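Read-outs throughout are calculated quantities, based only on the coordinates presented, and are distinct from any laboratory measurement. All values reported here derive from a predicted model rather than from experimental measurement. Every residue, glycine among them, receives a Cβ derived from its backbone with ideal geometry; neighbour counts consider all protein chains shown.
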Amino acid sequence: MRVLIRRRALLAAAVVTTTGSVAGCDPLGGKQAPQWSPAPDVLLPLLTRTVALRDRYAAVLTAFPALKERIGPLKDDHAQHVIALAREIGLPEAGPFPAPSGAAGSGAEPSATSMAVPNEQSAALSDLAALEKVAREEAETACLAAPSYRAALLGSIAACRAGHQEVLT
């Protein structure tokens with residue numbers, strides 16, 4: 001029995017010594033281990049387009065300051081959507097936000113901010129209404145595809161955007 005206890009003690013000492021010496025060496029011979037990076041969040045394209053929509057409202061308000069009472073609150077809603085989506089994804093609320101790579105629709109159509117603001121107020125409102133319709137549809141699609149813990153957020157964004165369409169038309 002004493003021999004068995006001594007052997008276990010010697011084995012434990014050998015394991016500790018070996019583990020300590022191996023832990024200090026570089027098994028890859030000086031090469032860096034490949035870094036793991038998670039896949040981008042599926043909500044990143046929605047966040048990016050929400051930022052563009054918020055900025056589009058800002059551009060229209062700059063061109064037509066008289067619309068502040070009508071569409072200023074809508075721009076503020078989109079600013080809150082940006083914050084909520086950024087929090088959900090785990091990004092800083094104020095950005096900067098990474099561009100979604102390989103996202104469906106990225107680069108295929110002009111973004112909300114790349115188009116010039118129309119010269120007429122009614123055309124600018126029609127433009128915003130069309131952008132809101134696309135944004136609502138996108139939020140609905142994301143809501144239906146999202147896991148349950150994200151559905152409430154995305155559903156409320158979709159509902160808000162539907163309300164925006166009504167205000168704009």
Could you please find all residues in the range 128-169 being among the charged types (D, E, K, R) and either free of Cβ contacts under 8 Å to residues at least 24 places away in the same chain or within 17 Å of L85 (Cβ to Cβ) (or both)?
E132, R136, E137, E138, E140, R150, R161, E166
Given the criterion within 16 Å of the chain's Cα centre (by Cα) and buried (at least 17 other Cβ atoms within 10 Å of the Cβ), identify the matching residue among A151, A135.
A135
Of the conditions (1) out of contact with any Pro (no Cβ under 9 Å at 6 or more places or on another chain); (2) surrounded by fewer than 20 Cβ atoms within 10 Å (Cβ to Cβ); (3) under 19 Å from M115 (Cα atoms); (4) touching a residue at least 60 places away in the same chain (Cβ under 8 Å), the single one that Y57 does not satisfy is (2)
